[in-house]
Each structure stands twice: as C-alpha cells, then as structure tokens.
Amino acid sequence: MTTLSDVAKLARVSKSTASRALSGRGSVSTRTREKVATAAQVLGFVPSSAAESLATGRSRNIAVVTPFINRWFYAEVIDGVESALIGAGYDLTLYRLTDDTNQRKALFDYFLVRKGVDAVIALTLFISDDEVQRLRKLGKPIVGIGGRIPGIPTFSIDDSETARKATEHLIDLGHSKIVHIGGDQEHQLDFEVHSRRLEGFRQALKTADLSHGDDFYADDFDISGGYRSAMKALGNPKSRPPRLSRALTRLR
C-alpha cells in the first residue's frame, strides 16, 4: 500500500511538505506542488480523508438535508450543490428529513454528529427553533436554500413578488382571463410558498381590475397535480381560454 512517505521519497521532499502540497494548504512552491502531484499520480496515491480529518479537524463533507429527493426542483438543486462541492474537493452526505419525530431527532442528535460534517445545507425545509439550536450546538456553518429559516442565512426569492410580476407580464400581453395553478393551501411544507404565490397573483389581478372567480386550482405540487388542475381549468367554461371555448362551440 502506497503511503505519503513513498510519495515524499519519490518527489524528494519531506513528508510534511508532501502533505501541504497535496492538501493545498501551507506555503509550497508551484514547482514542488507539481512534483508531489506527479509522484502521487505515478504511485496511485490517494490521500486518506480520515487522516486529513484528524490532522485538520475538517472532514471536507457537507450535509444536505431535504424533504424530497425525487421531485424536480429538489433534484435540480441537489445536482447543483453536488457539482459545486465536488469542484471544491468536498463530499456530500444527503439526508431526507420527513415529519417523523423520532427520525428527525435521530438525525439532529446523532447522524450529523457521527458523520462529523463541516457544514449543513437545509433545502426548502422547515426546521423548528429547537432543531436550529441543535444544529448551532454542532458549531458548524448552516445555510438554507428556498424557505427562510429564522436566524439562518438563506438563498431565497420573494414568491409573492415573483408571482405578481409573472401575472403582470401576461396582462401586459393583453390577456384578461388568467388562472393560477398552484400547491394546496392546506399543505405548505415549503414556508407558505403556495399562499405567497397566490397572494402575488391576485394582487396583480386586483390592480388591473381583472379579479374573478375560478381563478385558482390547487393540487399536489408535481407534474400529475399540474395535469389534473389543467384539465379542470380547461373543462370549466369560466376559466377556459376564449379561443378554446369558441372552437368547442363550433364543434358542437
């Protein structure tokens, strides 16, 4: 088994210099770094993550906590996070967090500690104040993506304003009969995203004096739910596009 000492010997440098060259930390000249990298490649040496963790106190492993894995939005975000982490030389450990109380407790009290992660990314996930405090006790950086978490830096958008602007764009194009297909208002795992979007949509209609009934269809927040709601909207004469209504009338 090839060791760091073998790499140092082949590169004709000290073991500590070889370690700094491979880790990218410390003062090492470009020429020496290249020599060590070549030696490691020739010998097929791969630095031990466990050894590096013991030496630096860092695991180079980031935990991503998400409520879903197989839904489009979450899969796309996870793919982007993984790409960025791999490019920076980090590993990713993915946890799917459900509403099960025992599972959540085990994750926050045991798994994140056992894995010794360097940081935690919470993806559009509601985390209670108590769970946030448990994360803080780890002494690790925490960041959210999507839903806002009190006291935690989060990358998010203003869903109400976004929906309002999208609706205004349709109005500016000359459309006056507009419906919103969105998530169920009674099931808002993602920080009231559904109600905020509906709020922005209706604000735009009200400002343009286009408010009307049958302007909203709620269903599961996935492709199947969108299809069902679209069929309901197209089947309702009050929300059906005018051209479609005229075409159906001619067919009759």
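Every number here is computed from the coordinates shown, using simple stated rules; none is lab data. As the structure is a prediction and not an experimental result, all values here were calculated from the model. Cβ placement follows ideal geometry from the backbone for every residue including glycine, while neighbour counts extend to all protein chains displayed.
In a shell of Cβ-Cβ distance under 15 Å around LEU210, excluding LEU210 itself, what net charge do Lys and Arg (+1) and Asp and Glu (-1) give? Could you put the intermediate results ahead of the total?
Working: positive: ARG164, LYS177, ARG202, LYS206, LYS238; negative: GLU168, ASP172, ASP209, ASP214, ASP215.
Result for the local shell: 0.
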**Report entry** Dipole of segment 61-155 [Lys/Arg +1, Asp/Glu -1 at C-beta], most positive-end residue of VAL143, LEU97, LEU112
**Finding:** LEU112
**Report entry** Peptides ranked, highest mean first, by Cβ atoms within 10 Å: ranges 1-12, 193-204
**Finding:** 193-204, 1-12
Query raised in the report: log₁₀ I(q)/I(0) of segment 4-47 at q = 0.23 Å⁻¹, via Debye over equal Cα point scatterers, no solvent, to two decimals?
Result: -0.62
**Report entry** Using a Förster distance of 45 Å, the FRET efficiency for SER211-ALA84 (Cβ separation, nearest 0.05)
**Finding:** 0.55
